[in-house]
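Readers should treat all values here as calculations from the given coordinates under stated rules, not as data from a laboratory. Predicted model only: the values in this text are computed from it and were never measured. Cβ placement follows ideal geometry from the backbone for every residue including glycine, while neighbour counts extend to all protein chains displayed.
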Amino acid sequence: MTSDATSDATSGATSDANEFEKLRELITPARVVLWDLDGPICRLFAGHKAERVAADLVEWLERQGLRGLLTASERDSLDPQVVLRAVGRRRPGSDLVAGLEERLTQEELRAAASALPTAYADPLIRTWSAVGVRLAVTTNNSPLAARTYLDTRGLTGCFAPHLYGRTGELHHLKPHPHCLRRALSAMGAAPSAALMIGDAATDLAAALEAGVPFLGYARNEAKAKLLRAAGAERVVRSLEPLLRLLRSGRVVG
């Protein structure tokens with residue numbers, strides 16, 4: 001190996017060690033971990049595609065004669081949450097919003113049956129729970145969908161009853177910190193003793209507003225760049241380093 005190659009390898013190892021240490025410092029104080037569902041725990045719409053769900057919601061609105069309620073970009077959105085939020089802004093508290101939200105909940109329940117677990121999420125959740133850290137789900141998806149997915153993986157006991165998700169009050173969806181504050185209040189935890197794991201800028205914004213430290217999870221570099229651009233200081237592409245830290249016994253509060 002040349003001296004330059006040796007230097008590069010040493011530099012890379014040092015960088016990895018530094019990142020590992022920074023990750024340890026972030027997770028060590030956490031006595032409560034707040035998890036977003038779709039991304040860090042699973043790919044909710046892996047089998048039941050989100051773009052198809054969004055299109056179905058748009059078609060349902062059009063059958064009600066409400067095509068004009070959405071802008072062209074909202075009608076073309078691949079995200080059902082965009083459609084729901086748009087209607088919620090224009091018809092807050094209406095039966096229309098309640099009906100649309102119920103339709104989305106049913107689609108999320110179907111999606112939960114074919115969702116794919118995020119790599120290392122299951123053992124990380126079980127290990128964190130086993131060492132006495134309390135866990136909660138704080139998601140913009142339906143809490144019913146969260147429970148359904150966790151049931152399929154045998155993970156509900158690691159979280160229940162702390163599953164906080166979408167309600168009829170759509171203005172409380174993240175980036176509003178409502179579901180994080182509900183979790184902290186119910187668990188009697190100070191924000192500084194918690195950690196939020198999320199994969200979107202809305203998760204980061206909610207955590208910042210609630211005063212909760214944040215760890216970004218990104219399954220690809222494009223998502224990682226979005227999180228960093230939003231201001232996330234720590235972003236991981238895999239949950240494996242967290243599991244390694246917990247199993248090493250180096251996370252001591």
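Structural remarks
- Qualifying residues in the range 136-154 (those that are surrounded by 22 or more Cβ atoms within 10 Å (Cβ to Cβ) and among the aliphatic types (A, V, I, L, M)) - the one nearest to S248 (Cα to Cα): A136
- Qualifying positions in the range 78-96 - buried (at least 18 other Cβ atoms within 10 Å of the Cβ), more than 17 Å from E108 (Cα to Cα) and not β-branched (V, I, T): A86, G88
- Hey, S114 part of a loop (DSSP other than H, G, I, E, B) and either surrounded by fewer than 22 Cβ atoms within 10 Å (Cβ to Cβ) or not acidic (D, E) (or both) or not: yes
- The lone exception for E169 - which of (1) over 27 Å from E233 (Cα atoms); (2) crowded, with 18+ Cβ neighbours inside 10 Å; (3) charged (D, E, K, R) it fails: (2)
- L135 being farther than 20 Å from A46 by Cβ, touching a strand residue (DSSP E or B) at 6+ places or on another chain (Cβ under 9 Å) and either outside any helix (DSSP H, G or I) or not β-branched (V, I, T) (or both): yes
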